[in-house]
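Presented below is the structure to which this report refers.
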Amino acid sequence: MTAEIWDVIIVGAGLSGLSAAHLLRKRNAKLKILILEGKDRVGGRTVSTEIPAASGVDRWDMGGQWVGSTQTHVLELIKELGLETFPQFNVGKKVHHMGGPDAKVRTYRTSIPALSPVVLMDLTQLLWKIGRLCATVCVEDPSRTPNAVELDSMTLHSYMEQHAWTAELKEEMGLCSRSVFGMEPSQMSFLFFLMYAAAAGGVLQLLESAPGSAQELKIKGGTQQLSQCLADRVGWKNVRLGSAVTAIWQDAEWAKVTTTTNTFLCRAVIVTSPPHLAAKIHYHPALPSQREFLTQNMPVGHMIKFIITYQTAFWKEKGFSGEIVAGSSSECPFCVTFDATSPSGNAALVGFIAGQQASRWSSEEGGERRTAVFSSLVKYLGPEAASFLHYEEKDWAKEDYSGGCPVNVMAPGLLTYYHPSLRNPFGRIHWAGTETATLWCGYMSGAVQAGQRAALEVLAELCPMTLTQEEQEAMQHSQTIKGAAKQTPSSKRVYQFTKKTMVIATLAIGAALLLAQNQIALLKVKTALTKVFQTTRHNIFLL
């Protein structure tokens with residue numbers, strides 16, 4: 001079997017790999033680029049599926065689906081490809097059910113649930129503390145963060161145990177962790193949580209559907225179009241599906257990439273697979289021990305996503321937004337739902353079963369899981385929820401060459417000792433994928449940024465004249481980060497938010513003191529709290 005020779009081989013035809021290929025092709029059309037993908041499709045952790053709908057059939061995302069107006073890398077790509085976005089619907093009553101199956105189901109229309117004054121005070125002080133810590137994180141090199149070793153030695157759970165006062169808030173934060181990472185707070189480093197939030201501009205941006213936040217916008221026609229359009233531009237002849245890479249060998253002259261059926265020679269390799277999958281590739285010579293240890297200890301989240309289509313958006317007719325936040329219980333499988341009505345008006349809801357709930361319910365028969373979902377929806381939205389057109393779900397833990405979703409996280413101790421190896425090239429091998437991003441890590445925008453960064457690294461080696469002076473300086477900066485930790489983009493917003501939180505804290509403390517004495521005064525304070533949060537324009541849908 002004769003090895004084929006290429007300039008660059010990219011492992012993975014997801015958004016990161018195809019973004020890398022696209023930039024390489026734009027800078028030097030003569031480069032011979034090959035993209036190898038184990039799946040039978042492009043898109044990685046994004047996939048758009050046609051589902052029966054009120055008008056016959058429509059398309060929904062079964063993987064990553066949201067983008068935000070501060071996610072510049074993916075927005076620039078969307079514009080370049082001629083695609084359009086539309087806002088996430090979030091108008092109307094929201095459902096909040098925490099504290100177990102027998103707890104009261106509450107609804108609210110403001111930016112925060114109807115939490116007690118004591119829990120509001122707890123929430124305020126916790127967000128203030130975490131916000132201040134986020135502002136000190138050096139995303140490019142978290143080990144340079146003040147008190148990095150201490151922050152990295154604890155989990156999000158252990159930090160919550162020390163700094164959250166109420167059981168209610170701890171439950172809320174557990175739900176946040178499941179919804180954002182597909183994991184429980186006890187499974188990730190607290191410093192990783194801070195880094196992840198800082199890369200998004202702050203904790204609130206991860207949780208909101210307000211302007212600039214993670215759940216702000218969706219792409220008309222689905223997110224898989226991004227990868228499909230990029231494959232069109234790179235050339236489908238250069239994309240080989242069903243070609244999982246099993247080994248990468250390299251020496252002073254070449255890199256040799258092997259699949260189950262072929263072997264290819266190249267000058268550079270970009271591996272964009274999620275870390276836990278990249279670790280399964282055999283490397284010769286062996287990877288540095290730091291890289292091996294890191295990728296073998298970066299578990300991936302567990303999420304089951306479902307789409308339910310209806311004849312009409314009955315929840316809107318009843319004044320609901322479609323947003324439901326539900327704590328972990330033996331009866332309700334999902335942690336959060338949203339309105340998923342398509343741009344053409346086909347009514348749908350989207351929901352997520354995540355973390356420990358996904359682990360538990362994935363072992364149940366599909367019919368039992370679906371029955372539990374509808375039972376909960378009926379409880380929260382009314383009997384109309386049972387009259388659905390179609391139910392579609394996807395368990396990403398069972399997806400070949402994904403093995404989980406939405407992102408790999410780091411356990412305690414990894415960031416401060418092994419993090420640099422996540423991006424540092426090894427010989428002819430360069431690393432991409434959203435986990436390696438420094439802006440919106442874990443999201444589609446992070447995937448695009450990481451792919452472009454890896455492409456620039458390769459161009460710096462193969463054809464450095466194609467790089468601008470600014471890009472050359474950026475490459476040098478990424479290799480030699482000097483000085484103290486810098487403030488992240490979240491710093492300004494955190495400062496603005498902390499001034500507001502001090503007002504909220506004062507009001508909340510007053511409410512707590514009056515709780516047992518003056519119900520009228522308590523009502524006035526709660527009203528004031530609501531107004532303060534409304535003016536922040538925040539929609540803390542998971543808190």
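We did not get these values from a lab; they are worked out from the coordinates using the rules stated. Given the structure is predicted, the values throughout are model-derived calculations rather than measurements. In this analysis, Cβ positions are derived from the backbone assuming ideal geometry, glycine residues included, and neighbour counts consider all displayed protein chains.
Since only Leu81, Ala13, Thr436 are under comparison, the one whose Cα sits farthest along the positive direction of the charge dipole of the chain, derived from C-beta charges on Lys, Arg, Asp and Glu, is Leu81. The charge dipole of the chain, taken about the Cα centre with unit charges on the Cβ atoms of Lys, Arg (+1) and Asp, Glu (-1), comes to about 1140 debye, rounded to the nearest 20. For region 265-384, the equivalent ellipsoid derived from the alpha-carbon gyration tensor has semi-axes of 40, 18, 11 Å in decreasing order. Among (i) 81, 58, 39; (ii) 96, 55, 54; (iii) 182, 73, 46, which is the computed Cα extents along the principal axes in Å? Identified label for the calculated read-out: (i).
Given Cα pairs under 8 Å that are at least 6 residues apart, what percent is the relative contact order of the chain? With pairs under 8 Å counted, the relative contact order is 26 percent. Here the Kirkwood formula, the inverse mean of 1/r across different C-alpha pairs, assigns region 1-132 a hydrodynamic radius of 20.2 Å.
Taking 0.36 nm per residue of sequence separation and removing the Cα-Cα distance, the Ser69/Glu473 pair yields an extension gain of 142.7 nm. Based on C-alpha pairs under 8 angstrom that are at least 6 apart in sequence, region 223-266 has a relative contact order of 24 percent. Charged neighbours of Glu4, selected by a Cβ distance under 12 Å, balance to +2 (K, R count +1; D, E count -1). In region 92-153, the convex hull through the Cα atoms has an average projected area of 6.7 nm², a quarter of its surface area. Here each label is just a point 7 Å from Cα along the line to Cβ, and for Leu462 and Val378 those points are 5.8 nm apart. Considering only Asn408, Ala200, Ala278, and ranking their Cα positions along the charge dipole of the chain that arises from unit charges at the beta-carbon of Lys, Arg, Asp and Glu, the one farthest toward the positive end is Ala200. Rounded to the nearest 20 debye, the dipole size of region 194-320 about its Cα centre is 340 debye, using +1 on the Cβ of Lys and Arg and -1 on the Cβ of Asp and Glu.
Reported value for region 53-190: 181 Å³ per residue, from the convex hull of its C-alpha atoms. Taking 0.36 nm per residue of sequence separation and removing the Cα-Cα distance, the Gln296/Thr371 pair yields an extension gain of 23.3 nm.
Restricted to Cα atoms, region 231-300 shows a radius of gyration and a Dmax of 13.4, 38 angstrom.
Each of the peptides 119-127, 413-421 was scored by the mean count of other Cβ atoms within 10 Å over its residues; in descending order, highest first, they stand as 119-127, 413-421.
May I ask you to derive the FRET efficiency for Arg41 and His390 from their Cβ-Cβ distance with R0 = 25 Å, giving the value to the nearest 0.05? The partial results should precede the final answer.
Details: r = 21 Å, r/R0 = 0.85.
So the FRET efficiency works out to roughly 0.75.
For a quick protection proxy, order the peptides 142-150, 189-197 by their average other-Cβ count within 10 Å, most packed first. Walk me through the numbers on the way to the answer.
Values: 142-150: 17.1, 189-197: 26.6.
Going from most to least packed, we get 189-197, 142-150.
Legend: distances between Cα atoms for Lys129/Lys398; Lys32/Lys280; Lys170/Lys218; Lys93/Lys170; Lys32/Lys305; pairs beyond 32 Å are Lys129/Lys398; Lys32/Lys305.
In terms of the Cα gyration tensor, with a ≥ b ≥ c the square roots of its eigenvalues, is region 405-444 rounded because a/c is under 1.5, prolate because a/b exceeds b/c, or oblate? It would help to have the intermediate numbers written out before the result.
Details: a/c = 2.13, a/b = 1.12, b/c = 1.89.
Because a/c hits 1.5 or more and a/b fails to exceed b/c, region 405-444 counts as oblate.
Taking every Cα-Cα distance in region 119-187 and sorting them into 10 Å bins starting at zero, the pair-distance distribution P(r) comes out as 19, 48, 31, 2 percent.
Share of pairwise Cα-Cα distances greater than 17 Å in region 339-408 is 52 percent (whole percent).
Summing Cβ point charges (Lys, Arg +1; Asp, Glu -1) relative to the Cα centre of region 90-209 gives a dipole of roughly 540 debye. Enumerate the residues in region 347-373 having an amide nitrogen under 19 Å from the point lying 7 Å beyond the Cα of Ala411 toward its Cβ. Hits in region 347-373 for Ala411 at 19 Å: 355-356, 359. Full extension of the chain between Ala29 and Ala103 gives 20.5 nm of extra length, using 0.36 nm per residue less the Cα-Cα distance. Computed packing ranks the peptides 432-440, 331-339, 360-368 as 432-440, 331-339, 360-368, most packed first, by mean other Cβ atoms within 10 Å.
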